[in-house]
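Structure first, commentary second.
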Amino acid sequence: MSNATIAEMTAAHQMGNYTRFPVAFLRGDGARLFDADGKEYLDFLGGIAVALLGHAHPDVTRAIAAQAASLVHVSNLFHVPVQSEVARLLSLATTGGKVFFCNSGTEANEAAIKLARKWSADRGRTEAFEIVAIDGSFHGRTYGSLSATGQPKFHEGFGPMVPGFRVVPFGDLTALDAALNGNTCAFLIEPMQGEIGVRMHPPEYFETAARLCREREILLIADEIQTGMGRTGAMLASKRFGVTPDIVTLAKGIANGLPLGAVVARDEVAASFGPGSHGSTFGGNPVCCAAAKVVLETVTAPGFLAEVRRKGERLVDGVREIAGRRADIVGVRGMGLMIGIEMAIETKPIANRALANGFIVNACSGNVLRLLPPLTVTDAEIDRALSLLEAALPEERRS
Ligand SMILES: Cc1ncc(COP(=O)(O)O)c(C=O)c1O
């Protein structure tokens, strides 16, 4: 079947909630993808920050196959050996504390929101149920996470939102100071806003917010669904800012493409999820955990994260070099291998041209290009991506 035939079938039988490129991939290998018409692509989107170790990583494939051959699912009524091991590794590699597993990013945030409210209620502070989030944030599509998401366009037509969420203006510590009051149980923050186009908080914002939370006994929830698992050159982006959150949410790259989400909370907070308080049928599924174990072992191996930082710098330096030759690149930002290129022009046509040339890059927020290559990307692939990126930029704007 060709790309076109598959696209027709999708349109005929699936709801129209996704805007899809007219391409269907059959196979992947590292940072490369191959479509149904036999065309090869260099993938700097990685399933939106999911293919952390690249497509079809042999160790991940082997672990998935071995686990699938022995046991796929048993439920959380029983102990699951590989799940226990992944929880141990994840806790060790992040903030310490205890882990809850689910299946996606939005579910991880739902769980974090519920945990924060329950923690407050357990302390007799039933009036402190409010979650403060930030304008421009993205936390997911289910009602709790959606209500926390600071982008009204995602709420349109789905109201009313869940009560008890307050969104503060981006980068405004005075507003945050006022919002974090006796009714607040938690402050929810992406260390770097991903979906809106890799937006960095002003210097000291995250650190100061963390201090305000600590002083007021308000929980700090870091949504590291996009920034976590080594993406920014540290296991958590929070670490790069010197912040230790009370609760961390993870998903996306945690199982290199299998559906797994996780919440890590410090022990005293995690204790609020007692028996029966929250759960998930599939959460922490053995096959997903088998993949996550390989991801964790790989990302925590000596030197791996230093390489991510080095490669991130190579990519950013290359983009800055291109920017130096042009008038339409307004800014280059990000950390590790999560990079946003802000342009003075619409970026969708650029992403379309790149795709036609065999390069996958994400256009977001109208005028940003987002680069999220696998952490295993090679120097040669970075250099090739830079040439393909420059080739996709409009000719007429070259200065
Ligand atoms: C920061 C952040 N939080 C939450 C989510 C939602 O994750 P999922 O699509 O797995 O529900 C995303 C997805 O883009 C995200 O980037």
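The values are calculated or read from the model by the stated rules, or taken from the named source; none is laboratory data. Note that this is a predicted model, so its numbers are computed, not measured. Using ideal geometry, Cβ is built from the backbone for each residue, glycine included, and neighbour counts are taken over all protein chains shown.
If you go through region 95-105 and keep only what is more than 16 Å from the ligand (Cβ to nearest atom) and of a type outside the set (Gly, Ala, Ser), you end up with 95, 98, 99. Would you point out the residue of region 187-222, among those that are in contact with a Leu (Cβ under 9 Å, 6 or more places away or on another chain), in a loop (DSSP other than H, G, I, E, B) and more than 11 Å from the ligand (Cβ to nearest atom), that is nearest to residue 249 (Cα to Cα)? Checked region 187-222; the qualifying residue nearest to residue 249 (Cα to Cα) is 218.
Yes or no, residue by residue, for (1) hydrophobic (A, V, I, L, M, F, W, C); (2) in contact with a Gly (Cβ under 6 Å, 6 or more places away or on another chain):
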| site | (1), (2) |
| --- | --- |
| 114 | no, no |
| 135 | no, yes |
| 143 | no, no |
| 153 | no, no |
| 164 | no, no |
| 179 | yes, no |
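Among the residues of region 265-277, not a single one is within 15 Å of the ligand (Cβ to nearest atom) and in the same structural domain as residue 67 (by TED's automatic domain parsing).
Exactly one residue among 71, 90, 45, 77 is under 25 Å from the mean Cα position of the chain (by Cα) and away from the ligand (no atom under 16 Å from the Cβ), and that residue is 90. Suppose the filter is modelled with pLDDT of 95 or more, within 16 Å of the ligand (Cβ to nearest atom) and in contact with a Ser or Thr (Cβ under 9 Å, 6 or more places away or on another chain); does residue 292 pass it? Here the answer is no, as residue 292 does not meet what is asked. Taking region 134-147 as the range and being touching a Ser or Thr at 6+ places or on another chain (Cβ under 7 Å) and outside any loop (DSSP other than H, G, I, E, B) as the test, only 145 passes. A search for C-beta distances below 8 Å between a residue of region 118-135 that is closer than 23 Å to residue 150 by Cβ and in the same structural domain as residue 187 (by TED's automatic domain parsing) and any residue that is among the aliphatic types (A, V, I, L, M) and assigned to a helix (DSSP H, G or I), counting only pairs 6+ apart in sequence or on different chains, returns 119/269; 129/121; 131/113; 131/116; 131/148; 132/176; 132/179; 133/148. Here is a check on your reading of the model: is residue 225 in contact with a helix residue (DSSP H, G or I) (Cβ under 7 Å, 6 or more places away or on another chain), within 14 Å of the ligand (Cβ to nearest atom) and modelled with pLDDT of 95 or more? Yes, satisfied.
Here is a yes/no grid of residues against (1) loosely packed, with under 13 Cβ neighbours inside 10 Å; (2) assigned to a loop (DSSP other than H, G, I, E, B); (3) in contact (Cβ under 8 Å) with a residue 40 or more places away in the chain:
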position: 6; (1), (2), (3): no, no, no
position: 17; (1), (2), (3): yes, yes, no
position: 26; (1), (2), (3): no, no, no
position: 51; (1), (2), (3): no, yes, yes
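Residues in region 190-244 that are acidic (Asp, Glu), closer than 26 Å to residue 307 by Cβ and without any contact (Cβ under 8 Å) to a residue 40 or more places away in the chain: 1 in all. Residues that are away from the ligand (no atom under 15 Å from the Cβ), of a type in the set (Val, Ile, Thr) and either surrounded by fewer than 16 Cβ atoms within 10 Å (Cβ to Cβ) or closer than 16 Å to residue 214 by Cα (or both) within region 129-186 comprise 132, 162, 174, 184, listed in sequence order.
Filtering region 304-335 to residues that are outside any helix (DSSP H, G or I) and more than 15 Å from residue 385 (Cβ to Cβ) leaves 325, 326, 327, 328, 329, 330, 331, 333, 335. The single residue among 346, 313 that is in the same structural domain as residue 372 (by TED's automatic domain parsing), over 26 Å from residue 376 (Cβ atoms) and surrounded by fewer than 15 Cβ atoms within 10 Å (Cβ to Cβ) turns out to be 346.
Number of residues in region 235-259 that are surrounded by 24 or more Cβ atoms within 10 Å (Cβ to Cβ), under 26 Å from residue 290 (Cα atoms) and more than 12 Å from the ligand (Cβ to nearest atom) equals 5. Test residue 356 against the criterion of being free of Cβ contacts under 8 Å to residues at least 40 places away in the same chain, farther than 30 Å from residue 152 by Cβ and assigned by TED's automatic domain parsing to the domain that holds residue 43, and give yes or no. For residue 356, the condition - free of Cβ contacts under 8 Å to residues at least 40 places away in the same chain, farther than 30 Å from residue 152 by Cβ and assigned by TED's automatic domain parsing to the domain that holds residue 43 - is met.
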